[in-house]
Amino acid sequence: MLDHMPIISMKLPLRIVLLGVMVTMSVTKTFAEDDYQEKRQQMLVEIKQMMAMTKSYTGEAALDKQVEQALLDVPRHKFVPPDSRVFAYENTALPISHRQTISQPYIVALMTELAAVTSESVVLEVGTGSGYQAAILSELASHVYSIEIVEPLGLQAKSLLQDLAYDNVTVKIGDGYHGWPEHAPFDAILVTAAAEHIPEQLVQQLKPGGRLVIPVGRQGQTQSLRVLTKDANGKIKQRDILSVAFVPLTGKH
Ligand code: SAM
């Protein structure tokens, strides 16, 4: 009995210390999450300012409220590498390894707005990258199909999207130039890498009334963010929105 006494009395302070660490950790965690929420609000303010400033090019003065809410809800810091987390809510593109980037939040917002996604929409994204744009689309659409050509990136994004319970996103590894015929036609298609020309298969896989949002142009040269709209008769209208700089759409075409 006596042998146990010192052990118990030693354990008690240890428990208290451990409890103290746990309490401190949970306070820190809560504070950090609040901090991220504040940062997302600040990011949205900057995106809205840029939307207003670029209205004469884009024709879009403001974001739909649901797009705004998605930008406030999706934890961008989880989609960037840990050492870039401090910059996660800067309105800038960031490297995500394999010489690829997570797009600038303003561009993600603008492309989402231009795609006019609704809760009924089935959307195709070409260029999953970090998975951030897919997560934003997931909050708005019925289902998101996303294709990534760089296998490790695609697998990482797929697992992160699953962990964060974005259950209406399906990611596959492959060349998105050819679209995803098994799930076509799509209400909206977003291409998040610059194509030298518009892939015909993507146009074919667009529903009547659907929109394709795609940066067009060579890397190192001026690229233009373009929106193609297919009308009820299958007729295509195109509009150049503004100059952008995207990584190239790769693959053998
Ligand atoms: N949407 C991404 C995000 O939210 O992080 C950013 C995309 S990053 C600007 C472009 C991505 O397109 C890269 O991950 C790149 O590997 C991918 N990509 C390039 N060519 C592709 C192709 N032919 N098919 C599918 N993905 C491609």
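Here the range 97-235 is treated with +1 on each Lys and Arg Cβ and -1 on each Asp and Glu Cβ, and its dipole about the Cα centre works out to around 360 debye. Projected label points at I236 and I198, each 7 Å from Cα along the beta carbon direction, are separated by 0.4 nanometres.
Shown for the range 6-244: the carbon plus sulfur share of the solvent-accessible area, taken with all protein chains present and a 1.4 angstrom probe, equals 55%.
Between K39 and S56, the modelled label-to-label distance comes to 3.5 nm, taking each label 7 Å out from Cα in the direction of the beta carbon. Just to confirm the number: angle between the C-alpha axis of helix 105-115 and the first principal axis of the chain, 0 to 90 degrees, nearest 10? For 105-115 against the chain, the angle is about 50 degrees. For the chain, the mean residue ellipticity at 222 nm estimated from helices alone is -13000 deg cm²/dmol, where every DSSP H run of n ≥ 4 contributes -39500 (n - 2.57) and the total is divided by all residues, rounded to the nearest 500. At a probe radius of 1.4 angstrom, the accessible area of the range 6-244 per residue rounds to 52 square angstrom.
Placing a pseudo-label 7 Å from each Cα along the Cα-to-Cβ vector at Q219 and A245 gives an inter-label distance of 1.3 nm. For the chain, the relative contact order is 13 percent, taking Cα pairs closer than 8 Å that sit 6 or more residues apart in sequence and dividing their mean separation by the residue count. Note on the range 6-244: with charges restricted to the Cβ of Lys and Arg (+1) and Asp and Glu (-1), its dipole about the Cα centre is near 220 debye.
Under a Cβ-Cβ cut-off of 13 Å, what is the net charge of the residues other than E113 that fall near it, where Lys and Arg count +1 and Asp and Glu count -1?
Taking every other residue near E113 into account, the sum is +1.
Pairs of Lys residues in the chain that lie 8 or more places apart, or on two chains, and have C-alpha atoms under 12 angstrom apart add up to 4.
The values are calculated or read from the model by the stated rules, or taken from the named source; none is laboratory data. Note that the structure is predicted; figures quoted are calculated from it, not measured. Positions of Cβ are generated from backbone atoms using ideal geometry, with glycine treated the same way; all protein chains shown enter the neighbour counts. Note: areas computed on protein heavy atoms with side chains; ligands, DNA, RNA excluded. Shrake-Rupley method; radii C 1.70, N 1.55, O 1.52, S 1.80 Å.
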